[in-house]
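A.B. asks: Below you will find the structure I want to go over with you.
The values are calculated or read from the model by the stated rules, or taken from the named source; none is laboratory data. None of the values given here were measured: they were computed from a predicted structure. Cβ placement follows ideal geometry from the backbone for every residue including glycine, while neighbour counts extend to all protein chains displayed. Keep in mind that these areas ignore ligands, DNA and RNA; they rest on the heavy atoms of the full protein, side chains included. Shrake-Rupley method; radii C 1.70, N 1.55, O 1.52, S 1.80 Å.
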Amino acid sequence: MSGKKILKVMPSRMTLQQMKAKAKGAKKGYDLLKKKADAIKSFLQRILRKILAVKERVGRLTQQAGVLHTKAICFAGEFNNQVIQSTPNEAAFKVSAREANVAGVKIPIFERHGGDVESVQLVGLSAGGAQVTQCRKAYYAVLKDLVDLASLKTQLVTLDDAFKVTNRRVNALDYVVLPRIHNTIKYIQDELDEMEREEFSRLKKVKDVLEEKAAEADKALKAEMLKSAAAAGNSAVQSAASAGAKGDDFDLGDIDIM
Amino acid sequence: MDEKKRPKAGLVAVIGDEDTVTGFLLAGIGQRDPRGQSNFLVCDQNTTRQKISTTFREFVSRLDISIILVTQDIALEIRKEIDEHNEVIPTVLEIPSKSAKYDKAKDSIVRRVYRLLGKDLEEEIHREKTQTQKS
């Protein structure tokens, strides 16, 4: 990253205030986003563990279901084809997606559409019916878990993306926006100090010039008085004026104004 | 992805061997409309990768399918298509099958989970193997 990047502003007290307000806002935004990122992260951890647990269970249940399937075939004969052929026009088991809000992120959740109902309509599998029913029940259990797994997976993907985005914004604030604002504040303050110093020295210069002018005006005035006093022949004034010409301190009030 | 056009209730599709597909059909996910379009594909050793890939893509593009179940051995064949599929819906799940024993290492979801957790998958599997050997 290159060095001091600042915002383009005219250094003045007003902009300084504006920048300070900006810094405050940015810091607040940063804190909020960081909280959000942390919340998402902890949720993510929970989901990850859940996924692993459900996956294990699915593995076991599927194995059991497979065994029951084999059993059922033993009893009822090869019914695979029959089942496949008698597929209905519309599936009995459907899922619907509900939207839930987690840490400010909208995530979809899958649910069995129409509630948890084990509807049974099989065609012509009379022999070994009990085994087939057991087999079906086993697969239904697997299916329910798979729907949960699908929900968890979508939550995982959605939250993962949301976390990446939020984290990016947090980093952007932390490494780009806030430093930039702080540099700008520093720049404005430096400029203001500089301007104050210039102002100070400028005023001092003006003061010096004014003092010089005042001293000159003083001198001129005294010279004038000396001249008029010489013309009038007033020795007192002459001595006072000459003292003044020498530069001694004397009070104009000392002279009697005739 | 036009979420608004999706029907309220979506289907569960399945791509796998005959036994697996039959099992899930028994549970009620199967559907075949009058035109012959169905939400499942039975695969055997003669099924070409092309057919699997095409069917998978078709299921993904169908708006009425929300979940796609793929047995792990078939998932390995179309790993590329599955990895390319980045959308939230439809969700793709890998399931074990009778023939293919469930292999944790090859499950894409499990791998992602481990990566996010920061744990080492190989290490975990090795540990499990030695545990079962001991017992």
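A.B. asks: Hey, can you grab everything whose amide H is under 5 Å from the amide H of A:Ala92? Only 5+ residues off in sequence or another chain; H modelled, so Pro and N-termini drop out.
C.D. replies: HN-HN under 5 Å from A:Ala92: B:Gly30.
A.B. asks: Kindly report the accessible area of the range B:1-83 per residue (heavy atoms of protein chains, probe 1.4 Å, no ligands, DNA or RNA), in Å².
C.D. replies: 45 Å²
A.B. asks: If you don't mind, another one. Please arrange A:Tyr187, B:Tyr114 by accessible surface area, largest first, computed with a 1.4 Å probe and ligands excluded.
C.D. replies: Result of the area sort, largest leading: A:Tyr187, B:Tyr114.
A.B. asks: Go through A:Ile40, A:Val58, A:Ile6 and say which Cα lies farthest out towards the positive end of the charge dipole of the range A:1-84; charges sit on Cβ, +1 for Lys and Arg, -1 for Asp and Glu.
C.D. replies: Sorting the options by dipole projection puts first A:Ile6.
A.B. asks: Multiplying the sequence separation of A:Cys74 and A:Asn89 by 0.36 nm and subtracting their Cα-Cα distance, what value in nm do you get?
C.D. replies: 2.5 nm
A.B. asks: Using amide H atoms built 1.01 Å from N in the peptide plane, name the residues 5+ places from B:Val14, or on other chains, whose amide H lies under 5 Å from its own.
C.D. replies: Here the answer is B:Phe40, B:Leu41, B:Leu69, since their amide H atoms fall under 5 Å of that of B:Val14.
A.B. asks: Ignoring ligands, DNA and RNA, how much accessible area is buried between chains A and B, both sides summed, with a 1.4 Å probe, to the nearest 100 Å²?
C.D. replies: Numbers: alone 18420 and 9110 Å², together 23360 Å².
Summing both chains' loss of accessible area gives about 4200 Å².
A.B. asks: For the range B:34-94, state which trypsin sites (Lys or Arg not before Pro) are in a DSSP loop and have at most 13 other beta carbons lying within 10 Å of their beta carbon.
C.D. replies: Listed in order of number, the matching sites are B:Arg35.
A.B. asks: Can you list the residues, at least 5 places off or on another chain, whose amide H is less than 5 Å from the amide H of B:Val92, using H built in the peptide plane?
C.D. replies: Those qualifying (amide H under 5 Å, at least 5 residues apart or on another chain) are B:Ile68.
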